[in-house]
Structures are given as C-alpha cells and as structure tokens.
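Working notes, structure below.
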C-alpha cells in the first residue's frame, strides 16, 4: 500500500508540474546552461521534455510482459537516440521540423500509455527513439557554442534516466491497481502534444 501511494504521488507530481514548466525550444541558450547540475535541472523545467520522458517509462511498465528486460528497451532506446540527436544539434546539422516532432512525440507516446499497446522490444525502442532524436537536437542546438556542453549533456542524460525511472516505478505499481490513473496521465500528455502540435504546424 505504501509503495502504491508513493507511485501515485510521483505520477501526480509529475503530471501536476506540467503546467508550471516552460516549453523547450530550439536555439542557442545564451549561456543559460553551464555544467552538469544545470543539465540535470533543464529537462525538469521543460514541460514537453518532462512529459515525454515520464510517459516513456509509464508505457514501458504498462505494456511490459515481464519486468526484465521488457521494461528497459524503450527507455534505453530513448536515452541513446537522445544523445545521437544532441550530437547532431551540437554539430549544427539542420534537422527539419524539430518542434512539431517534439509535439508529435507527446501525442503518440501519450496514446501509447492510454492504450497500453504492446509491440516487440526493438520496435518499442525504435518508436520512442525516433522522437528522442528531435528532443536531443533541441538540447544540442541550445548548447551550441557552450564550453561546458558535454557535462551539461551528461546532466541532461541523468535527468532523462531519472524521469524514465519515475514513470517505470509508477506504471509498474499502478498497472493493476488504480489502472485509470496512468491512462489519465497518458491522455493528459497526448492532449498537451495535440495542443502544441496545433501551435507549431
């Protein structure tokens, strides 16, 4: 019961924080991000990044047939491709439609949480990985010219893993009890994505 309550609190806190967080955006950060601590905090202050990362963990837990290794494929795919996208952004590679694709990621991943869609492990990693590239590009572009880009990215990656873990923990505990709550969270993420998508296309 205590674990269930902790997961409920973590999930409600993550979803409740969304309206308070700023949206991530592409472009140079004008020196706003310096070092690992700033990188660690950055995904926590961007509603679109925060929602996507928690939702990836939720979907992994809700759709997993077993705890190991099913829980890890989508989060690992997201984290790996996030780094790849960040490298593209730092290198100045022109990736089109970054903002619309970030919004689309919220819509798609939110719907995956609502439906608990089960797909093969590599397909799960690929689905979220494609969207993670665009999240990474946004981060990389923000860090262009930043002398502390690498430690900042390391902090962002740590925050990503922690947000995935929050989603996984909440989803695993709530997959049988209070099943409506993760579905409601997924619907909120999808609606946020739909709203952002309407603004960005």
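The values are calculated or read from the model by the stated rules, or taken from the named source; none is laboratory data. All values reported here derive from a predicted model rather than from experimental measurement. Cβ coordinates were reconstructed from backbone atoms using ideal geometry, including for glycine residues, and neighbour counts include every protein chain displayed.
When we screen 93, 54, 28 for residues that are surrounded by fewer than 20 Cβ atoms within 10 Å (Cβ to Cβ) and either within 16 Å of residue 112 (Cα to Cα) or at pLDDT 85 or above (or both), the only hit is 93. Only one of the numbered conditions (1) within 14 Å of residue 110 (Cα to Cα); (2) modelled with pLDDT under 95 is violated by residue 172, and that is (1).
Can you confirm whether residue 84 is within 28 Å of residue 181 (Cβ to Cβ) and either surrounded by 20 or more Cβ atoms within 10 Å (Cβ to Cβ) or without any contact (Cβ under 8 Å) to a residue 60 or more places away in the chain (or both)? Write out each step before concluding.
Values: within 28 Å of residue 181 (Cβ to Cβ): no; either surrounded by 20 or more Cβ atoms within 10 Å (Cβ to Cβ) or without any contact (Cβ under 8 Å) to a residue 60 or more places away in the chain (or both): yes.
The answer is no for residue 84.
Based on what the data block shows, is residue 107 part of a helix (DSSP H, G or I), modelled with pLDDT under 95 and on the phi < 0 side of the Ramachandran plot?
Working: part of a helix (DSSP H, G or I): yes; modelled with pLDDT under 95: no; on the phi < 0 side of the Ramachandran plot: yes.
So residue 107 fails the test.
How many residues are part of a helix (DSSP H, G or I) and in contact (Cβ under 8 Å) with a residue 60 or more places away in the chain when one looks only at region 133-148? Final tally of qualifying residues: 6.
Total residues in region 94-132 satisfying the condition of being farther than 19 Å from residue 65 by Cβ, touching a residue at least 40 places away in the same chain (Cβ under 8 Å) and more than 13 Å from the chain's Cα centre (by Cα): the figure is 5.
Scanning for something in a helix (DSSP H, G or I) and within 13 Å of residue 49 (Cα to Cα), does region 169-187 turn up at least one residue? Checked against the condition, which is being in a helix (DSSP H, G or I) and within 13 Å of residue 49 (Cα to Cα), region 169-187 yields no hits at all. When you look at residue 78, is it in contact (Cβ under 8 Å) with a residue 12 or more places away in the chain, within 18 Å of residue 196 (Cα to Cα) and buried (at least 16 other Cβ atoms within 10 Å of the Cβ), yes or no? Answer is no for this residue.
Conditions (1) in a helix (DSSP H, G or I); (2) within 12 Å of residue 60 (Cα to Cα); (3) touching a helix residue (DSSP H, G or I) at 6+ places or on another chain (Cβ under 6 Å), marked per residue:
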{"position": "124", "(1), (2), (3)": "yes, yes, yes"}
{"position": "150", "(1), (2), (3)": "yes, no, no"}
{"position": "158", "(1), (2), (3)": "yes, no, yes"}
{"position": "191", "(1), (2), (3)": "yes, no, no"}
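Is it true that residue 128 is in contact with a helix residue (DSSP H, G or I) (Cβ under 9 Å, 6 or more places away or on another chain), closer than 16 Å to residue 47 by Cβ, crowded, with 24+ Cβ neighbours inside 10 Å and at pLDDT 95 or above? Against the criterion (in contact with a helix residue (DSSP H, G or I) (Cβ under 9 Å, 6 or more places away or on another chain), closer than 16 Å to residue 47 by Cβ, crowded, with 24+ Cβ neighbours inside 10 Å and at pLDDT 95 or above), residue 128 does not qualify. When restricted to residues that are closer than 17 Å to residue 91 by Cα and either buried (at least 21 other Cβ atoms within 10 Å of the Cβ) or touching a strand residue (DSSP E or B) at 6+ places or on another chain (Cβ under 6 Å) (or both), region 150-162 contains 2.
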